[in-house]
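Chemist: Provided herewith is a single structure, encoded as structure tokens, for subsequent inquiry.
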Ligand code: GLA
């Protein structure tokens, strides 16, 4: 039993393979959080939460005689509103009389097989027999506002999902000003916060800091989960490392504005509240109406950050990503963006494709510029009709030529946007988000379409489904190149304007549901100026997302390092691009660029015709290597072997096959030095008793002295090591230097 209710103590215990989550209904009917952490069996953990009296912490009226209870210090599953808990709250709600208040008490609960789903929002799902659901119904006796808290318990995955639904069960209209998804109170312990901040071309930079008494907020107000703050945070104990220590993950399954507040209260209890950002948000609930919050994926491990990441990798790959492509081998693709930008014709595209096909690349993706009037980013968005000046005869002749090379064909679109200079905008200026009487703020010379309006999503569905039906398109890159401003919909009444941003997301999810459902054979890759919407919500529709517009191999190390905490390699769009790199001007060895792109979906983003004969030869090997290592990279367990890349002089990571029979270690030297110390690595995840040899070792750089890769060098021909030796004593590489050299080592169990 993963979910147990003890009617003598009114306690709920949720159990996964290695964790226990416990809560109970207290004597006043509140749902009190007791424990989430390492597995504890058979105990009621209520003596962790003893009655106590704190000055200036208000006492519920019913307890006024005792003075030993306050919602202000009680760990809770979800807070009420304006009833004496002064910490960060989950809810803001007021009635028609303007009175803000809600105090939820237990009504009943249900334990159900399988995993609940939330209408209209992406969710973790059960592949059959993996999960159980608990729904706890609570209500505010005064307003009739009902709260349904759902818990999905994934035993084998060590994951608990949560979601909240608010239902107006009263007779008056109510307005939500905040509706978080979940609250996680950790009554004891001192925690570090790990979060992932960034900017365009530098997403998901990992930062770790000890929690102080100031409230820490990780948020986006951009209408997208954003390049700037990912909707995923980790709380871990001060001593936690990759290999050991208590770690909690809190991941929101949402792609819009989000907010996670972490507060350490007066008693030392740490509270995390996560959900939709409440700024500019409001939601009107007429009697009988309901509001569903996005889901949160929680995971706990006492085994450190690597295990926590692996928990998320597994649940995202198997239970968030959907459709035929989620576990299937993805094609190695070549994208023309950095090769041509907007300036191409069919012959140029075929020329790029032909060279790539020769080298084993499997798909050509035609990026921006193929439609409408689109010679730069000032015009054309919205007009999803082929530009015949560039592609004479339309898409079909081009697709036929690409297919004749033995390649599949993919296409870029940016459906959520419109250019002022477009036929769509001229026909429907009211379809763009703009404020009455104001000039809108511009981003990349374009406006955001109002996807809260069904006629807009219907139009997009018609256009895109026509494209997919009429042409042999195997892949779509779905881009989104600016954030939301001027959030106002001409289709909604004044009191519902606070709903626009979330209704936009609901419209987007509905559209994606329709398209991915109707065209299951098409591989969709998400993108938002690179990784500006890299989140579990998007991954429910797009099994891969272009990780960053920064294709520089060295910068990618930090971006992919941060991304790896929450998201699996199979979701990380990564390509080899030209040097000097277009974003940084840096030159890195071609081999290093491939080693880094292999920590993702792998592909190319340059004109291979411009490479030297020697480089072409290298590309052939890269394609072969990626095919050889594909399952190891995509299905293996991922380990970070080094910490924050910027601080070290090398970055290393490793994947190990689930049966521990092989491992691939990748190392990139980011700061080559004179008289450099040796790179020493402690491998991870191997079988301690198993014996391993180096099957292949590829150096991309200069060895010092030059012959050290062979018999006497790193490969040490004929040698085998126990897994224990490689993990505990470690493995040392010979000295190597040059500009950003790298090494890839394939260990195989003998
Ligand atoms: C965004 C994407 C790029 C490319 C351009 C095209 O920036 O992230 O990969 O598709 O748009 O305009």
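The values are calculated or read from the model by the stated rules, or taken from the named source; none is laboratory data. None of these values were measured; they are calculated from a predicted model. Glycine gets a Cβ as well: all are built from the backbone with ideal geometry, and neighbour counts include every protein chain shown.
Chemist: Considering only residues that are more than 13 Å from the ligand (Cβ to nearest atom), within 17 Å of residue 474 (Cα to Cα), part of a loop (DSSP other than H, G, I, E, B) and in contact with a helix residue (DSSP H, G or I) (Cβ under 7 Å, 6 or more places away or on another chain), which ones fall in the stretch 328-374?
Modeler: Passing the criteria: 329, 332, 361.
Chemist: Then there's this: For residue 596, indicate whether it is surrounded by 23 or more Cβ atoms within 10 Å (Cβ to Cβ) and closer than 27 Å to residue 194 by Cα.
Modeler: yes
Chemist: To continue, here is another question. Picking from 506, 539, which residue would you name as being under 16 Å from the mean Cα position of the chain (by Cα) and in contact (Cβ under 8 Å) with a residue 60 or more places away in the chain?
Modeler: Among 506, 539, only 539 is under 16 Å from the mean Cα position of the chain (by Cα) and in contact (Cβ under 8 Å) with a residue 60 or more places away in the chain.
Chemist: Just to confirm my filter: which strands (runs of 3 or more DSSP E) fall fully inside the stretch 122-239 and include at least 2 residues that are touching a residue at least 60 places away in the same chain (Cβ under 8 Å), touching a strand residue (DSSP E or B) at 6+ places or on another chain (Cβ under 7 Å) and farther than 24 Å from residue 35 by Cβ?
Modeler: Passing ranges, in order: 159-168, 174-186, 191-199, 202-210.
Chemist: It is to be established whether one or more residues within the stretch 68-75 are under 19 Å from residue 185 (Cβ atoms), in a loop (DSSP other than H, G, I, E, B) and touching a helix residue (DSSP H, G or I) at 6+ places or on another chain (Cβ under 8 Å).
Modeler: Yes, the stretch 68-75 contains a residue that is under 19 Å from residue 185 (Cβ atoms), in a loop (DSSP other than H, G, I, E, B) and touching a helix residue (DSSP H, G or I) at 6+ places or on another chain (Cβ under 8 Å).
Chemist: Output the residues belonging to the stretch 450-468 that are in a loop (DSSP other than H, G, I, E, B) and either in contact with a strand residue (DSSP E or B) (Cβ under 9 Å, 6 or more places away or on another chain) or over 23 Å from residue 223 (Cα atoms) (or both). Quick ask: steps written out before the conclusion?
Modeler: Within the stretch 450-468, the first condition is being in a loop (DSSP other than H, G, I, E, B), and the residues that meet it are 450-453.
Within the stretch 450-468, 450 is the sole residue that qualifies.
Chemist: Quick one: which residue in 549, 486 is out of contact with any helix residue (DSSP H, G or I) (no Cβ under 7 Å at 6 or more places or on another chain), surrounded by fewer than 23 Cβ atoms within 10 Å (Cβ to Cβ) and on the phi > 0 side of the Ramachandran plot?
Modeler: Every option except 486 fails the conditions.
Chemist: Follow-up. On the given criteria, is residue 533 touching a residue at least 12 places away in the same chain (Cβ under 8 Å) and out of contact with any helix residue (DSSP H, G or I) (no Cβ under 7 Å at 6 or more places or on another chain)?
Modeler: The answer is yes for residue 533.
Chemist: Looking at (1) more than 16 Å from the ligand (Cβ to nearest atom); (2) more than 19 Å from residue 473 (Cα to Cα); (3) over 22 Å from the mean Cα position of the chain (by Cα), which is the only condition residue 299 fails?
Modeler: Answer for residue 299: the failing condition is (3).
Chemist: Would you be able to tell me the number of residues in the stretch 301-319 that are farther than 16 Å from residue 564 by Cα and either buried (at least 24 other Cβ atoms within 10 Å of the Cβ) or touching a helix residue (DSSP H, G or I) at 6+ places or on another chain (Cβ under 8 Å) (or both)?
Modeler: Total meeting the criteria: 2.
Chemist: Could you look through the stretch 480-500, keep only residues that are in contact with a strand residue (DSSP E or B) (Cβ under 6 Å, 6 or more places away or on another chain) and within 16 Å of the ligand (Cβ to nearest atom), and pick out the one that is farthest from residue 364 (Cα to Cα)?
Modeler: Selected residue: 482.
Chemist: Kindly evaluate residue 687 against the criterion of being touching a strand residue (DSSP E or B) at 6+ places or on another chain (Cβ under 8 Å), assigned to a strand (DSSP E or B) and at pLDDT 90 or above.
Modeler: So residue 687 fails the test.
Chemist: I'd like to check something: does the stretch 421-437 contain any residue that is assigned to a loop (DSSP other than H, G, I, E, B), within 16 Å of the ligand (Cβ to nearest atom) and either more than 23 Å from residue 502 (Cβ to Cβ) or at pLDDT 95 or above (or both)? I'd like the intermediate steps shown before the answer.
Modeler: Quick first cut of the stretch 421-437, residues assigned to a loop (DSSP other than H, G, I, E, B) only: 422, 428, 433-437.
Going one step further and asking which of them are within 16 Å of the ligand (Cβ to nearest atom), we end up with 422.
If we keep only those that are either more than 23 Å from residue 502 (Cβ to Cβ) or at pLDDT 95 or above (or both) too, we end up with 422.
Checking the stretch 421-437: at least one residue is assigned to a loop (DSSP other than H, G, I, E, B), within 16 Å of the ligand (Cβ to nearest atom) and either more than 23 Å from residue 502 (Cβ to Cβ) or at pLDDT 95 or above (or both).
Chemist: Is there a residue being within 22 Å of residue 119 (Cβ to Cβ), in contact with a helix residue (DSSP H, G or I) (Cβ under 6 Å, 6 or more places away or on another chain) and surrounded by fewer than 21 Cβ atoms within 10 Å (Cβ to Cβ) anywhere in the stretch 453-465?
Modeler: Within the stretch 453-465, one or more residues are within 22 Å of residue 119 (Cβ to Cβ), in contact with a helix residue (DSSP H, G or I) (Cβ under 6 Å, 6 or more places away or on another chain) and surrounded by fewer than 21 Cβ atoms within 10 Å (Cβ to Cβ).
Chemist: Further, regarding this structure: How many residues, within the stretch 659-681, are more than 19 Å from residue 700 (Cβ to Cβ), in a loop (DSSP other than H, G, I, E, B) and at pLDDT below 95?
Modeler: Of the residues in that region, 3 qualify.
Chemist: Taking interchain pairs and intrachain pairs at least six residues apart, which have beta carbon atoms under 6 angstrom, with the first residue in the stretch 325-340 and closer than 14 Å to residue 355 by Cβ and modelled with pLDDT of 95 or more and the second part of a loop (DSSP other than H, G, I, E, B) and more than 11 Å from the ligand (Cβ to nearest atom)?
Modeler: From residues that are closer than 14 Å to residue 355 by Cβ and modelled with pLDDT of 95 or more, the pairs are 332/361; 332/362; 332/602; 334/361; 339/606; 339/607.
Chemist: Further question: Please note which strands (runs of 3 or more DSSP E) are completely contained in the stretch 562-657 and include at least 3 residues that are more than 27 Å from the chain's Cα centre (by Cα) and at pLDDT below 95.
Modeler: By residue number, no strands (runs of 3 or more DSSP E) qualify.
Chemist: Checking residue 660 against (1) on the phi < 0 side of the Ramachandran plot; (2) surrounded by fewer than 20 Cβ atoms within 10 Å (Cβ to Cβ); (3) in contact (Cβ under 8 Å) with a residue 60 or more places away in the chain, which test does it fail?
Modeler: (1)
Chemist: Also, I was wondering about something else. Inside the stretch 518-534, can you point out the residues that are part of a loop (DSSP other than H, G, I, E, B) and either more than 16 Å from the ligand (Cβ to nearest atom) or surrounded by fewer than 24 Cβ atoms within 10 Å (Cβ to Cβ) (or both)?
Modeler: From the stretch 518-534, those part of a loop (DSSP other than H, G, I, E, B) are 519-522, 527, 529, 532-534; that's our starting set.
The answer is 519, 520, 521, 522, 529.
Chemist: For the stretch 375-392, name all the residues that are without any contact (Cβ under 8 Å) to a residue 40 or more places away in the chain and more than 16 Å from the ligand (Cβ to nearest atom).
Modeler: The answer is 385, 386, 388, 389.
One line per residue, one yes/no per condition, for (1) modelled with pLDDT of 95 or more; (2) surrounded by fewer than 20 Cβ atoms within 10 Å (Cβ to Cβ):
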position: 6; (1), (2): yes, yes
position: 24; (1), (2): yes, no
position: 48; (1), (2): no, yes
position: 52; (1), (2): no, yes
position: 85; (1), (2): yes, no
position: 89; (1), (2): yes, no
position: 93; (1), (2): yes, no
